[in-house]
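So the structure is just underneath, and the comments pick up after that.
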Amino acid sequence: MNPEPLRSLYGHVPDLTGIRIRSVNLNWRGPTLTLRVDLPSYPDSAPQEWTDAGLDTVQCQFRFLAVEGISLTDWTPPALGSLDMAPYGTERRMRVTFRGDGLSLGFDCSASVRVGHVSAFRSTENGRDDGSRLFMSRIDARRHSSLPGTQDRTFYER
């Protein structure tokens with residue numbers, strides 16, 4: 001739906017093989033499913049501010065609308081694997097599947113994905129992502145200097 005944030009960093013929408021899913025948020029409104037993911041590579045043309053801060057991982061959210069038929073097994077975050085999206089049926093729908101270490105996820109949804117809350121952080125030895133980070137959006141950058149808690153509905157549900 002809005003590939004511009006990723007295209008401005010990478011020059012294209014990056015391959016979703018080797019992504020790390022950090023969280024899955026289900027919301028009855030819509031109904032929606034939001035995945036918080038680490039992208040598989042760091043962009044060559046990252047903002048200078050990110051480079052100067054020594055950041056090495058890009059994270060964003062993928063928000064899927066009109067979700068149904070969810071299957072979720074083997075949830076052991078963070079899960080590393082591949083996210084696939086393929087047309088499904090005839091009414092602008094798609095089938096989304098994630099297969100990898102720590103998660104098996106599948107669902108049907110509207111054939112559009114919303115990219116949001118693009119940020120960068122420095123990975124740590126223990127793999128956590130709760131340290132300081134810089135956000136691409138001016139609004140996110142004003143509101144957050146680290147990953148908000150899961151109770152922050154404006155971050156995880158909008």
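What to note about this one:
- Taken over segment 101-117, the criterion of being of a type outside the set (A, V, I, L, M, F, W, C), over 24 Å from Leu55 (Cβ atoms) and part of a strand (DSSP E or B) is satisfied by Asp101, Ser104, Gly106, Asp108, Ser110.
- Residues in segment 42-94 that are of a type in the set (Phe, Trp, Tyr) and touching a Leu at 6+ places or on another chain (Cβ under 9 Å) were compared, and the one that is nearest to Pro5 (Cα to Cα) is Phe62.
- Qualifying residue in segment 136-143 (condition: assigned to a strand (DSSP E or B) and of a type in the set (A, V, I, L, M)): no
- Subset of segment 141-155 (residues that are over 15 Å from the mean Cα position of the chain (by Cα) and not basic (Lys, Arg)): Ala141, His144, Ser145, Ser146, Gly149, Gln151, Asp152, Thr154
- Pairs, first touching a residue at least 40 places away in the same chain (Cβ under 8 Å) in segment 79-91, second loosely packed, with under 14 Cβ neighbours inside 10 Å and in a strand (DSSP E or B), C-beta under 7 Å, six or more apart: Ala79/Asp101; Leu80/Asp101; Gly81/Asp101; Ser82/Thr17
Table: residues versus (1) within 14 Å of the chain's Cα centre (by Cα); (2) crowded, with 18+ Cβ neighbours inside 10 Å.
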position: Gln48; (1), (2): no, no
position: Gln59; (1), (2): yes, yes
position: Thr73; (1), (2): no, no
position: Thr76; (1), (2): no, no
position: Ala79; (1), (2): yes, yes
position: Ser82; (1), (2): yes, no
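- Cross-chain or 6+ apart pairs with Cβ under 9 Å, segment 118-129 first and over 13 Å from Asp56 (Cα atoms) and in contact (Cβ under 8 Å) with a residue 24 or more places away in the chain, then assigned to a loop (DSSP other than H, G, I, E, B) and not hydrophobic (A, V, I, L, M, F, W, C): Val118/Ser137
- Meets criteria (under 24 Å from Tyr10 (Cα atoms) and either in contact with a helix residue (DSSP H, G or I) (Cβ under 6 Å, 6 or more places away or on another chain) or assigned to a strand (DSSP E or B) (or both)) for Ala120: yes
- Summed over segment 18-40, the residues that are assigned to a loop (DSSP other than H, G, I, E, B), out of contact with any Gly (no Cβ under 8 Å at 6 or more places or on another chain) and closer than 17 Å to Cys60 by Cβ give a count of 1.
- For segment 70-100, a tally of residues being in a loop (DSSP other than H, G, I, E, B) and hydrophobic (A, V, I, L, M, F, W, C) returns 1.
Here, each number is a calculation from the coordinates, and none is a lab measurement. Since the model is a prediction, treat every value here as computed from it, not as a measurement. Counting neighbours? That spans all protein chains shown, and the Cβs are built from the backbone with ideal geometry, glycine included.
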